[in-house]
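These notes concern the structure reproduced below.
Values in this text are rule-based calculations from the coordinates and carry no lab data. These numbers were taken from a predicted model, which means no experiment stands behind them. Here the Cβ positions follow ideal geometry from the backbone for every residue, glycine too, while neighbour counts run over all protein chains shown.
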Amino acid sequence: MNTRHQKAMVPREAITLTTYAQLDLYLCKFSLGELGLVLLIGRHGTGKSESVKRALRVTVPDRSSAAAGLQTLYVEGHMQTFGLYRHLWEHRDLPVVLDDLDKLYADSDCVRLLKPLCNTETARRVSWLTNLTIKSPDVPASFITRSRIILVANEWRSINANVRALEDRAIILHFDPSNEEVHRKVGEWFEDRQVYAFIADVMPSIPAISMRHYCKGAQLRGAGFADWRSSLLRMLIPDARLACLVALQLDSTLLTERERVERFIKLTGQSRATYFRSKARAVRLAEHETQR
């Protein structure tokens with residue numbers, strides 16, 4: 001089945017979390033062993049993965065933390081099914097984080113492996129009988145594990161019965177912080193106050209803030225680009241006309257609305273009516289974000 005045509009969704013039973021304090025509380029309960037299977041869904045750029053790593057005290061040196069001595073198996077991105085099976089065997093009974101699940105659950109073999117792993121029983125038997133296990137005497141064809149599991153994804157698609165089985169068994173968390181909440185959280189660690197203040201100024205017109213935008217803005221400003229604001233604005237606001245309008249509102253050399261309209265027409269080739277439609281849209285975005 002072609003998963004690109006499956007509609008992304010938030011499962012009906014999802015618990016919506018809108019603050020980092022709420023998210024940290026659930027992750028703390030998982031780290032204490034009070035939650036066994038958690039599915040964490042939320043848009044990219046909100047720091048979900050960092051929150052999980054912090055709660056489980058995970059340090060990830062590369063794409064997979066499969067080194068001996070670690071207290072949590074953290075797998076990020078796609079991995080061949082047998083490689084994942086081997087890591088689960090080597091880290092049996094330890095907490096497991098499968099990050100970037102969007103790639104993993106597109107692989108039917110991985111989903112079949114995850115289904116018994118994510119069973120609700122405390123002790124689960126996981127099996128993988130192939131030529132690889134037969135030829136690898138250090139990896140059994142099946143094993144028992146008591147690992148607690150966190151699945152992390154940017155979005156969720158119920159593409160088949162096996163994926164729906166994972167959905168039915170998990171405590172599902174939908175992390176959906178407002179722009180203001182993301183901005184507040186970034187302020188705890190972000191050092192470039194000029195970029196931080198600029199994003200605060202344009203926040204009402206931004207559909208969804210990503211923490212990555214702060215870092216990109218800091219790189220551009222640190223590299224000495226005089227136009228870092230306009231470049232960052234195009235990243236923050238995908239609609240080019242809306243981005244142009246916001247830039248004009250911030251331009252201190254334009255003293256009147258007439259000057260801003262004329263500059264808008266010159267830069268975009270659009271009409272005066274389009275300027276005011278774009279401005280009305282910016283107001284609606286601001287009102288929507290305020291009501292969240």
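The figures follow:
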item: Full-extension gain in nm, A223 to I265, via 0.36 nm per residue minus C-alpha separation; result: 12.0 nm
item: Pairwise FRET efficiency - K103 versus S127, Cβ, R0 = 30 Å, nearest 0.05; result: 0.85
item: Extended-chain gain in nm, criterion 0.36 nm per residue less alpha-carbon gap, R277 and A21; result: 88.4 nm
item: Loop-located chymotrypsin sites (Phe, Trp or Tyr not before Pro) in the stretch 134-241, at most 10 other Cβ atoms within 10 Å (DSSP); result: W189
item: Selection from L73, L104, W89, by position along the positive dipole direction of the stretch 71-112 (Cβ); result: W89
item: The stretch 165-266: GluC sites (Glu not before Pro) in DSSP loop, at most 16 other beta carbons within 10 Å; result: E188, E191
item: The stretch 208-260: C-alpha gyration tensor shape, a/c 1.5 cut-off, then a/b vs b/c; result: oblate
item: Extension gain from V10 to Q71, taking 0.36 nm per residue of separation minus the Cα-Cα distance; result: 18.9 nm
item: Built amide H within the under 5 Å cut-off of I149, gap 5+; result: L37, V38, V96
item: Tensor-based shape of the stretch 179-291 (alpha-carbon gyration tensor, a/c under 1.5 rounded, otherwise prolate or oblate); result: oblate
item: Filter on K53/K115; K29/K53; K29/K115 - keep pairs with C-alpha separation over 21 Å; result: K53/K115; K29/K115
